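Okay, structure first, notes after.
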Amino acid sequence: MDILLALAQPISIENPPELTPGVNYAVVTFDDGFRETIEIVLPELKRRNIPITVFLPTGCLGAEPPWISDRSSHHYGGGILAEDEIRKIDAEPLVSFGSHCVTHRSLPTLSDDEARDEIFRPKTDLEKILGHEVESLSFPHGAFKQRHVDWAREAGYRRVYSIEPLPAFLCSDEFVAGRFRVDSTDWRMEFQLKVLGSYRWLSLLKRGRLNA
């Protein structure tokens with residue numbers, strides 16, 4: 001996070017300021033809401049005044065993640081936050097919560113009825129837990145089709161997030177925003193390049209392969 005502060009200005013996805021041309025901005029998000037991960041990172045983020053958004057699969061709150069069978073995997077970050085923990089953390093001014101659907105299943109693998117429920121239901125459920133509007137959704141596994149974007153807009157989300165390495169917050173009416181995955185196994189230089197947006201060409205390569 002010290003590297004992040006040296007290379008970019010962190011902003012909140014819920015209340016982004018008017019962006020100044022030439023300034024490198026970054027947002028910090030966590031998918032899944034692993035309890036141990038949040039307990040470790042939150043004090044460090046607070047100490048540096050870095051905003052964070054946590055995307056939660058509402059059907060898994062307070063439970064072990066059903067999509068991770070190997071608990072020794074570096075992707076495992078403990079059980080998922082429970083409702084009382086979410087309310088307590090939500091009181092932190094630097095923290096916001098968003099939807100990560102219900103069961104963490106990939107939306108394109110589901111029927112239309114199942115996918116609509118995965119998109120609509122968690123917004124309502126999270127708003128009941130938090131007592132305020134939930135504006136953001138992160139697609140599980142970064143997988144979605146145009147109909148899922150349309151349903152998310154219909155459900156009332158203001159912005160949805162993929163894992164495409166694309167710039168975000170480029171215009172006021174942007175709805176689908178890109179992100180870039182960061183892992184604990186990243187090299188220092190690799191992380192620096194990600195913060196600086198140096199991997200944006202990967203999205204162009206991916207699209208070129210799809211169109212070839």
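Brief remarks follow.
- Residue in the range 123-158 that is nearest to Pro108 (Cα to Cα), counting only those that are touching a Gly at 6+ places or on another chain (Cβ under 9 Å) and of a type outside the set (S, T, N, Q): Leu137
- Applying a threshold of 6 Å to beta carbon distances and a minimum spacing of six or more residues, or different chains, the list of pairs starting in the range 147-165 at a residue that is over 30 Å from Val195 (Cβ atoms) and ending at one that is modelled with pLDDT of 95 or more and surrounded by 15 or more Cβ atoms within 10 Å (Cβ to Cβ) reads Trp151/Arg116; Trp151/Ile119; Ala155/Ile119; Ala155/Phe120; Ala155/Lys123.
- Options Ile129, Ile163, Ile119: the member that is among the β-branched types (Val, Ile, Thr) and in contact with an Asp or Glu (Cβ under 8 Å, 6 or more places away or on another chain): Ile129
- Residue match in the range 119-126 (condition: of a type in the set (S, T, N, Q), out of contact with any Cys (no Cβ under 7 Å at 6 or more places or on another chain) and without any contact (Cβ under 8 Å) to a residue 12 or more places away in the chain): yes
Conditions (1) touching a strand residue (DSSP E or B) at 6+ places or on another chain (Cβ under 8 Å); (2) in contact (Cβ under 8 Å) with a residue 24 or more places away in the chain, marked per residue:
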residue	(1), (2)
Ser99	yes, yes
Thr103	no, yes
Arg116	no, yes
His132	no, no
His141	no, yes
Lys145	no, yes
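- Qualifying residue in the range 187-203 (condition: at pLDDT 95 or above, more than 24 Å from Glu85 (Cα to Cα) and loosely packed, with under 14 Cβ neighbours inside 10 Å): no
- Cross-chain or 6+ apart pairs with Cβ under 8 Å, the range 4-17 first and touching a residue at least 60 places away in the same chain (Cβ under 8 Å) and among the small types (Gly, Ala, Ser), then part of a loop (DSSP other than H, G, I, E, B) and loosely packed, with under 14 Cβ neighbours inside 10 Å: Ala8/Asn24; Ala8/Leu196
- Within the range 147-161, considering residues that are of a type outside the set (A, V, I, L, M), buried (at least 18 other Cβ atoms within 10 Å of the Cβ) and out of contact with any strand residue (DSSP E or B) (no Cβ under 6 Å at 6 or more places or on another chain), the one nearest to Thr124 (Cα to Cα): Trp151
- Flag if Glu164 is over 21 Å from Thr58 (Cβ atoms), assigned to a helix (DSSP H, G or I) and either small (Gly, Ala, Ser) or modelled with pLDDT under 95 (or both): no
- Only a single item in (1) at positive phi; (2) touching a strand residue (DSSP E or B) at 6+ places or on another chain (Cβ under 9 Å) is not met by Tyr25, and it is number (1).
- Output for the range 108-154, where each listed residue is acidic (Asp, Glu) and more than 17 Å from Val176 (Cα to Cα): Asp112, Asp113, Glu114, Asp117, Glu118, Asp125, Glu127, Glu133
- Residues located in the range 28-48, provided they are within 13 Å of Ser96 (Cα to Cα) and among the aromatic types (Phe, Trp, Tyr): Phe30
The values are calculated or read from the model by the stated rules, or taken from the named source; none is laboratory data. Remember, predicted model here, so these are calculated numbers, not experimental data. Note: ideal-geometry Cβ built from the backbone for every residue, glycine included; neighbour counts use all protein chains shown.
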